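**Q** Shown below is the structure under consideration.
The values are calculated or read from the model by the stated rules, or taken from the named source; none is laboratory data. These numbers were taken from a predicted model, which means no experiment stands behind them. Cβ: placed from backbone, ideal geometry, glycine included. Neighbour counts: every protein chain shown.
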């Protein structure tokens, strides 16, 4: 198993049809002890239970530094270490540039970008003590191509910020054997698009993708397992595109 005896934290991991839970499930299958972090209404404890015995659910608000620190403290108390952090928590909003309010901007950037910073800050002391660790940050193809199908420009900006933050952390913490990488998903068939695209529209989009289909949550989960495992031991500061060829650059 690729993650035997490893401890992984996944933010925004409780949505059963989401990228985070798919990653949690695959990491558990690969031998990791998994901590699912999410808001109370998402019921992270229940999500952790569905993974089987020996996993943990923690109510966490990634936009609150104290909440992030408390969550990591609970993980360390329970498991004794943190080997991988998947910064998955994020939200989107389909609005145009002139429609973005200050509140919209704060809400979108707080979860995707501030949350990535706060959670990384929370795990890094433990990883420094271990002199090992892998942080995976979920960005988006919209950060690379200048907008996506659903997210507004502030979402693209937040996800582009994630790329820059991850690369800077990779440089800073590489000498301590802590790797920081990004995944840029394309259009993935999760609840975020449920009811927003007709089957005809999905088929139309699929025709523009070289692999001829929308992504699946498990496609991203596999990339997360790779970056969290020793298979990627010489990878840091990279952006791994998982988009079926939607953007080739």
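**Q** Of the residues that make up segment 83-101, is at least one part of a helix (DSSP H, G or I), more than 16 Å from the chain's Cα centre (by Cα) and farther than 26 Å from residue 154 by Cβ?
**A** So far as segment 83-101 goes, no, none of its residues is part of a helix (DSSP H, G or I), more than 16 Å from the chain's Cα centre (by Cα) and farther than 26 Å from residue 154 by Cβ.
**Q** Could I ask something else about it? Can we say residue 22 is buried (at least 24 other Cβ atoms within 10 Å of the Cβ), assigned to a helix (DSSP H, G or I), out of contact with any strand residue (DSSP E or B) (no Cβ under 8 Å at 6 or more places or on another chain) and at pLDDT 95 or above?
**A** yes
**Q** Mind checking whether some residue in segment 105-114 is over 18 Å from residue 140 (Cα atoms) and assigned to a loop (DSSP other than H, G, I, E, B)?
**A** Scanning segment 105-114, I find no residue that is over 18 Å from residue 140 (Cα atoms) and assigned to a loop (DSSP other than H, G, I, E, B), so the answer is no.
**Q** On to the next question. For the list (1) more than 28 Å from residue 83 (Cα to Cα); (2) more than 16 Å from the chain's Cα centre (by Cα), I need the number of the one condition that residue 187 fails.
**A** Unmet condition: (2).
**Q** Given the conditions (1) assigned to a helix (DSSP H, G or I); (2) over 13 Å from the mean Cα position of the chain (by Cα); (3) crowded, with 22+ Cβ neighbours inside 10 Å, which single one is not true for residue 179?
**A** With respect to (1) assigned to a helix (DSSP H, G or I); (2) over 13 Å from the mean Cα position of the chain (by Cα); (3) crowded, with 22+ Cβ neighbours inside 10 Å, residue 179 is out only on (1).
**Q** Does residue 56 qualify as being over 26 Å from residue 147 (Cα atoms), at pLDDT 95 or above and surrounded by 18 or more Cβ atoms within 10 Å (Cβ to Cβ)?
**A** yes
**Q** Also: With respect to residue 158, is the statement that it is buried (at least 22 other Cβ atoms within 10 Å of the Cβ), touching a strand residue (DSSP E or B) at 6+ places or on another chain (Cβ under 7 Å) and not in a strand (DSSP E or B) true?
**A** So residue 158 does not fit the description; no.
**Q** Here is a follow-up. Within segment 47-82, how many residues are part of a helix (DSSP H, G or I), closer than 25 Å to residue 185 by Cβ and free of Cβ contacts under 8 Å to residues at least 40 places away in the same chain?
**A** Within segment 47-82, residues that are part of a helix (DSSP H, G or I), closer than 25 Å to residue 185 by Cβ and free of Cβ contacts under 8 Å to residues at least 40 places away in the same chain number 3.
**Q** Name the residues in segment 133-155 that are outside any helix (DSSP H, G or I), without any contact (Cβ under 8 Å) to a residue 60 or more places away in the chain and surrounded by 18 or more Cβ atoms within 10 Å (Cβ to Cβ), would you?
**A** Across segment 133-155, the qualifying residues are 133, 135, 137, 140, 148, 151.
**Q** Of everything in segment 102-124, what is free of Cβ contacts under 8 Å to residues at least 12 places away in the same chain and more than 20 Å from the chain's Cα centre (by Cα)? Give them in sequence order.
**A** 102, 103 - these are the residues of segment 102-124 that are free of Cβ contacts under 8 Å to residues at least 12 places away in the same chain and more than 20 Å from the chain's Cα centre (by Cα).
**Q** So is residue 235 modelled with pLDDT of 95 or more, in a strand (DSSP E or B) and within 19 Å of residue 85 (Cα to Cα) or not?
**A** Here the answer is no, as residue 235 does not meet what is asked.
**Q** From the list 221, 203, 212, which residue is within 17 Å of the chain's Cα centre (by Cα) and either part of a helix (DSSP H, G or I) or on the phi > 0 side of the Ramachandran plot (or both)?
**A** Unique residue meeting the criteria: 221.
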